[in-house]
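The values are calculated or read from the model by the stated rules, or taken from the named source; none is laboratory data. Quantities reported herein were computed from a predicted structural model and do not represent experimental measurements. Neighbour counts run over all protein chains shown; Cβ positions are idealised from the backbone, glycine included. Accessible surface areas use protein heavy atoms only, side chains included; no ligands, DNA or RNA. Shrake-Rupley method; radii C 1.70, N 1.55, O 1.52, S 1.80 Å.
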Amino acid sequence: MQMIGLIGGMSWESSAEYYRIINEGVRNQRGPTASAPCLLWSFDFSEIEALQHQGDWAGLTAKMVDAARRLEAGGAKVLLICTNTMHRMAPAVQAAVSIPLLHIADPTAERIKAAGFSRVGLLGTAFTMEHDFYKGRLINNHGLDVIVPNNEDRATVHRIIYEELVAGRIEEASRTAYKAVIARLVESGVEAVILGCTEIMLLVRPEDSSVPIFDTTALHAEAAIEYALKA
């Protein structure tokens, strides 16, 4: 198996899910004692979150590039950035290393298209929902029609991620709020919803949506399994 390099800790709550999903997937395919060779670079998310909200994307890019290079030097043969938001600097990370970076949007879009959907709702941090680095890839590379919530709903989704989910808090009131946001997206005509923040899968369940949901955490981790087992 290829060594998987994980750039995580953003937050560790979802990075733990990556580790679990990857190892369970390898065990299911290779046998009960099998597990995945992995290297994990885990950031202190309090530092990352502060730089995000300061808008210091250059500083964040430098941190991500450094982590990627360290993982490559440690023997990783493929990289994953274990967060949707930090894919803003995916091109710089890929340019800094010679091993492939598996972009989180690609397996998500491929699964959506395979299911026959084209008009999708996107939930995530404000950075993911409002900036073009993520939506643009879904639109330009995969031909999807991407709809984001209205201003008030985007603020709600973002607040719950940063105030609750990254801290491991799962609140029923917040699940109800997300269900309402999803319902409004469905009313606007979306055929499916992307959980475009790796922590949202901790809160939102398939039964919380009247249309299919696509969990980027699981789909990204599954793509890593597929790549690692090709060796």
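Annotations
- Test for residue 92: is it over 20 Å from the mean Cα position of the chain (by Cα) and free of Cβ contacts under 8 Å to residues at least 40 places away in the same chain: no
- Note on segment 8-48: residues that are β-branched (Val, Ile, Thr) and either part of a loop (DSSP other than H, G, I, E, B) or not assigned by the TED database to the domain that holds residue 98 (or both) total 1.
- The listed residue being surrounded by fewer than 15 Cβ atoms within 10 Å (Cβ to Cβ), of a type in the set (Gly, Ala, Ser) and over 20 Å from residue 212 (Cα atoms), out of 143, 136: 136
Yes or no, residue by residue, for (1) in contact with a helix residue (DSSP H, G or I) (Cβ under 6 Å, 6 or more places away or on another chain); (2) at pLDDT 95 or above; (3) open to solvent by less than 40 Å² (accessible area, probe 1.4 Å):
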residue: 12; (1), (2), (3): no, yes, no
residue: 18; (1), (2), (3): yes, yes, yes
residue: 36; (1), (2), (3): yes, yes, yes
residue: 50; (1), (2), (3): no, yes, yes
residue: 75; (1), (2), (3): no, yes, yes
residue: 114; (1), (2), (3): no, yes, no
residue: 118; (1), (2), (3): no, yes, no
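- The set of residues from segment 181-196 being closer than 21 Å to residue 12 by Cβ and either part of a strand (DSSP E or B) or open to solvent by 10 Å² or more (accessible area, probe 1.4 Å) (or both) comprises just one member, 195.
- Qualifying residues in segment 146-180 (those that are of a type in the set (Val, Ile, Thr) and closer than 14 Å to residue 193 by Cβ) - the one least open to solvent (accessible area, probe 1.4 Å): 157
- Close pairs (9 angstrom Cβ cut-off, 6 or more residues apart or separate chains): in the same structural domain as residue 39 (by the TED database) in segment 54-75, part of a helix (DSSP H, G or I) and open to solvent by 60 Å² or more (accessible area, probe 1.4 Å) anywhere: 57/88; 60/88; 61/88; 63/47; 65/95; 68/94
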